[in-house]
Amino acid sequence: MILFRENGLLLLSLFCVFYRGRTFEFKYQHHDNKQLIQILENVHDTCPNITRIYTLSETSVRGVPLWVIEFSTRPGHHEILKPEFKYIANMHGNEVVGRELLLRLAVYLCEAYLNGDKEIRSLISMTRIHLMPSMNPDGWQLATDTGGRDYLVGRPNNNSGGRDYLVGRPNNNSVDLNRNFPNLDRIMFSNELNHINYNHHLLKSVNSLSKPLQPETKAVIRLIMAIPFVLSANIHGGDLVANYPYDESRSGAAQDEYSTSPDDETFRHLALAYSTYHADMANPKRRGCGDSMSDKFPKQGGITNGAQWYNLQGGMQDFNYLSSNDFEITLELGCEKYPDASVLPIEWKRNKNALIHFMWQTHIGIKGIVYNIKTKIPLSNALIHVRNITGGINRDIKHDITSVHDGDYFRLLTPGQYKVTAIHKGFYPRSRTVIVTNEPYSPAVRVDFGLRPLTHQLQADGEEYLSYPDSRSHYWKIWENDRDQMAVE
């Protein structure tokens with residue numbers, strides 16, 4: 001199966017930038033599904049050397065392509081030691097601000113690059129960026145066709161009884177896409193209770209699903225499995241907060257249970273990286289969005305642990321973290337899900353710096369290449385394990401990541417001292433100590449590992465170093481086959 005397919009189309013049109021005699025136009029409005037691709041095509045036509053447009057493997061239920069625009073100095077290719085980043089918006093069709101912000105961001109990245117903006121040129125040269133403005137175009141269409149904002153501002157304490165607040169939220173099969181991903185949290189929590197040292201890439205353990213995957217969900221899962229994303233954010237609306245894992249509570253409590261992930265410190269940093277660069281998300285004096293939990297967010301720096309806010313099963317955020325090397329947070333960008341188009345320029349100004357700053361977080365921590373020290377051949381699927389030894393802490397971070405096809409790996413970390421170990425079947429493990437400082441606008445600290453092959457008699461002993469089973473589940477094989485067949489060009 002080929003995951004991506006190239007497409008060509010048209011142009012669009014009041015904000016103007018002149019570059020070499022060309023007019024780059026962007027009108028702040030609620031762009032429909034045809035206008036969405038027109039804007040992406042306009043960006044690609046203007047910046048053909050640093051962009052590529054592709055669609056995911058599945059369309060929406062109603063057959064609308066799921067479009068992505070990529071920014072890179074070598075579009076269409078994973079480059080060794082160049083991390084991958086993604087933004088996905090409009091997962092809930094009636095939450096539209098993120099959709100418009102990503103369209104505006106695409107225009108901005110192209111325009112800034114052409115105008116010689118040093119920061120944006122550096123960001124694009126160091127990062128492969130993927131922007132998906134709408135994961136749920138059918139829901140957007142329903143929300144818009146049934147009245148747009150006039151039908152979507154109701155909350156349970158309003159006269160609408162909350163019913164209209166959900167119009168367009170699910171896909172065309174009436175499924176909430178942010179409850180439709182395989183529930184890997186329960187597998188993780190079970191492994192913790194049973195002291196099973198298997199803490200990553202948990203899709204390998206899924207042999208059955210409690211509910212069928214929607215085409216939009218399946219398409220995004222294949223994207224996650226195909227491209228070695230390092231960092232991402234899922235953009236929503238309805239509140240103003242940066243939400244981080246875990247979304248699911250261990251006890252099943254509906255609310256007020258902090259569900260800590262092994263990378264809690266890093267996730268808090270990532271959430272704050274957005275909230276503190278937003279115009280007022282982290283402002284302790286701002287008002288919340290009207291419920292008791294929302295009113296606490298301003299005093300928490302504009303961030304929240306997912307399960308402490310409310311328990312959520314089958315969400316995309318936790319799925320990314322537990323199925324791949326990707327760290328994802330969820331961004332709620334405003335109290336009103338479907339605001340009037342007149343506020344969109346204001347929302348761009350409020351979010352622009354945060355959107356850019358968050359992408360730079362792809363470069364915190366460490367990166368490197370794992371290879372056979374004798375042959376110099378890169379080793380994919382090497383396990384990277386980290387122990388925090390800052391100030392004598394000496395604590396394992398029980399979430400491992402793996403090297404990808406070319407042997408490169410990326411491990412997000414906050415400043416500190418760490419002992420990092422690379423492990424691969426058939427090789428002696430190797431550890432190195434590293435100090436992480438996370439200098440702004442700089443690449444991650446490079447830590448390579450040359451692994452020495454085990455002698456024949458020690459091959460069996462080496463198995464104990466692997467913290468994941470050799471067996472592959474039915475569903476993992478499907479995703480793995482898709483990845484191998486499309487082999488990100």
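Mind ordering 383-390, 292-299 by average Cβ neighbours within 10 Å, highest first?
For the peptides 383-390, 292-299, the packing ranking is 383-390, 292-299.
Out of residues 5 or more away from residue 397 or on other chains, whose amide H comes under 5 Å of its own, with H placed 1.01 Å from N in the peptide plane?
Residues meeting the amide H criterion: 386, 387, 388.
P(r) for segment 51-116, please, calculated from all Cα pair distances in 5 Å bins and given in %.
Calculated P(r), rounded to whole percents: 3, 13, 21, 24, 20, 11, 6, 1, 0.
Assuming R0 = 30 Å, can you tell me the calculated FRET efficiency for the pair residue 74 and residue 395, based on Cβ-Cβ distance, to the nearest 0.05?
Between residue 74 and residue 395 the formula returns 0.20.
Under 17 Å from the Cα of residue 419, which lysines turn up, not counting those fewer than eight places away in the same chain?
Hits, sequence-local ones excluded: 367, 398.
For segment 331-446, would you read off the P(r) tail past 16 Å as a percentage of all alpha carbon pairs?
Across segment 331-446, Cα pairs with separations above 16 Å total 68 percent.
Using amide H atoms built 1.01 Å from N in the peptide plane, name the residues 5+ places from residue 89, or on other chains, whose amide H lies under 5 Å from its own.
132, 134, 135, 235
In what sequence do 409, 198 fall when counting other Cβ within 10 Å, fewest first?
Fewest to most other Cβ atoms nearby, the residues stand as 198, 409.
How big is the gap, in Å, between the Cα center of segment 368-430 and the Cα center of segment 115-136?
The distance from the Cα centre of segment 368-430 to that of segment 115-136 comes to 27 Å.
Kindly rank 88-100, 71-83 from highest to lowest mean number of other beta carbons found within 10 Å of each residue.
88-100, 71-83
For segment 136-142, just list the computed ³J(HN,Hα) in residue order, Karplus coefficients 6.51, -1.76 and 1.60, θ = phi - 60°, integers in Hz, with x standing in for Gly and Pro.
In residue order, the calculated couplings are 9, x, 5, x, 4, 4, 5 Hz.
Any of 118/352; 86/374; 86/285; 299/349 with alpha carbons more than 25 Å apart? Name them for me.
86/374; 86/285
Which length gain, in nm to one decimal place, applies between residue 380 and residue 118 when the Cα-Cα distance is subtracted from 0.36 nm times their residue separation?
Working it through step by step, the gained length comes to 91.0 nm.
Quick check: pseudo-label points 7 Å beyond the Cα along Cα→Cβ at residue 439 and residue 258, how many nm apart are they?
Distance between label points: 3.4 nm.
Place +1 on the Cβ of every Lys and Arg and -1 on the Cβ of every Asp and Glu in segment 5-363, take the dipole about the Cα centre, and give the residue among 273, 284, 196 whose Cα lies farthest towards its positive end.
273
Pop out the ³J(HN,Hα) list for segment 170-181 in order, Karplus 6.51 cos²θ - 1.76 cosθ + 1.60 with θ = phi - 60°, rounded to Hz; leave Gly and Pro as x.
Couplings: x, 7, 6, 9, 6, 10, 6, 5, 8, 10, 10, 7 Hz.
First check a/c for segment 5-363, with a ≥ b ≥ c the square roots of the eigenvalues of its C-alpha gyration tensor; if it is under 1.5, answer rounded, and if not, answer prolate when a/b is larger than b/c or oblate otherwise.
Here segment 5-363 falls in the rounded category.
Round to the nearest 0.05 the FRET efficiency obtained for residue 62 and residue 296 when R0 = 56 Å and r is the Cβ-Cβ distance.
0.90
Based on the alpha-carbon set only, what is the convex hull volume of segment 353-399 divided per residue, in Å³?
Enclosed volume per residue, from the Cα hull, is 141 Å³.
Could you check the simple spin-label distance between residue 186 and residue 25, using points 7 Å along Cα→Cβ, in nm with one decimal?
Inter-label distance under the simple model: 5.3 nm.
A short reminder: the numbers here are calculations on the coordinates, not readings from a lab. The structure displayed is predicted, hence computed values, not measured ones. Using ideal geometry, Cβ is built from the backbone for each residue, glycine included, and neighbour counts are taken over all protein chains shown.
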